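The values are calculated or read from the model by the stated rules, or taken from the named source; none is laboratory data. On a predicted model such as this, the values are computed, not experimentally measured, just so you know. Note: ideal-geometry Cβ built from the backbone for every residue, glycine included; neighbour counts use all protein chains shown. Just so you know, the surface numbers come from the protein's heavy atoms only, side chains and all, with ligands and any DNA or RNA stripped out. Shrake-Rupley method; radii C 1.70, N 1.55, O 1.52, S 1.80 Å.
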Amino acid sequence: MPGEILEKARAHAGGPRGPVGSWGGGGSAGPDGGIAADPRRLGLWLFLGTVTMLFVGFTSAYLVRRASADWRPLAIPALLWWNTAAIVASSGALEVARRRLRGWAPVGAVPWVFATGILGVLFAVGQVLAWRALAARGFYLETSPHNSFFYVLTGTHLVHLAGGLVWFGVVLSRVRRLAYVPGEDGLGLFATYWHFLAGLWLYLLVLLFVV
């Protein structure tokens, strides 16, 4: 198997330098560089721009609505701190996996990619448990404006994270088959999306409970 990896790397190095992998990775944009040189990278960044504008719209509506007289702040559920730790740790594990792959240790990247997904699933489960805990205390979507924004914003984030977990399944399958070329940033596209979700979650936490 190591010989096969080396042969794949040599073939890649000797041929034209283009995007690495398929829908599940790819971090190299070729000799010309730039996002436009790789349609998948361009598509991802356009999608992230759309998601960003969606949450910018939510933020504007939130700030306007918060000025109303009927605004009653919701205390932050304690479980959200554990969820935050899970998603931050997930991003950290993914970065370790990227370094292992770029450092010609693809086998060593496998457990770190696996940890990325496990922590992501824990975050998703934690979000559902946080919603159920709030509902058990009588805090529903229609209870107050702050409650409504909390459920809508965290729910929209979770939908995008669920899509990331589907992508993670593809990435895990490829990294276990050693389908990524050692020495290249084959996890780059997925990492961009996953880190975006982690950063977005931290932003929502500050918006909802700190600002």
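Taking A85 as meeting all but one of (1) of a type in the set (G, A, S); (2) farther than 19 Å from V210 by Cα; (3) within 15 Å of the chain's Cα centre (by Cα), write down the number of the exception.
(2)
Considering region 190-206 alone, what residues qualify as being touching a residue at least 24 places away in the same chain (Cβ under 8 Å) and among the small types (G, A, S)?
A191, A198
Of a type outside the set (V, I, T) and either over 29 Å from H146 (Cβ atoms) or surrounded by 14 or more Cβ atoms within 10 Å (Cβ to Cβ) (or both): does that describe P106?
yes
Picking from T50, T84, which residue would you name as being modelled with pLDDT of 95 or more, among the β-branched types (V, I, T) and open to solvent by 40 Å² or more (accessible area, probe 1.4 Å)?
Selected residue: T50, the only one of T50, T84 that is modelled with pLDDT of 95 or more, among the β-branched types (V, I, T) and open to solvent by 40 Å² or more (accessible area, probe 1.4 Å).
Filter region 140-189 down to residues that are surrounded by fewer than 18 Cβ atoms within 10 Å (Cβ to Cβ), more than 30 Å from L208 (Cβ to Cβ) and either free of Cβ contacts under 8 Å to residues at least 24 places away in the same chain or not aliphatic (A, V, I, L, M) (or both), then give me how many there are.
The qualifying residues number 4.
Give the residue, chosen from L119, L80, L141, L74, that is under 19 Å from V175 (Cβ atoms) and aliphatic (A, V, I, L, M).
L119
Which residues, counting only those in region 109-123, are open to solvent by 40 Å² or more (accessible area, probe 1.4 Å) and over 12 Å from the mean Cα position of the chain (by Cα)?
Of everything in region 109-123, those that are open to solvent by 40 Å² or more (accessible area, probe 1.4 Å) and over 12 Å from the mean Cα position of the chain (by Cα) turn out to be P111, W112, F114, I118, L122.
For region 136-149, give me the residue count where each residue is at negative phi and either out of contact with any helix residue (DSSP H, G or I) (no Cβ under 6 Å at 6 or more places or on another chain) or of a type in the set (K, R) (or both).
Within region 136-149, residues that are at negative phi and either out of contact with any helix residue (DSSP H, G or I) (no Cβ under 6 Å at 6 or more places or on another chain) or of a type in the set (K, R) (or both) number 9.
Only one of (1) within 23 Å of G103 (Cα to Cα); (2) open to solvent by less than 30 Å² (accessible area, probe 1.4 Å); (3) within 9 Å of the chain's Cα centre (by Cα) fails for L197. Which number is that?
Result: L197 passes all but (1).
Residue by residue through region 124-134, note down the ones that are aliphatic (A, V, I, L, M) and either open to solvent by less than 30 Å² (accessible area, probe 1.4 Å) or in contact (Cβ under 8 Å) with a residue 40 or more places away in the chain (or both).
Passing the criteria: A124, L129, A130, A133, L134.
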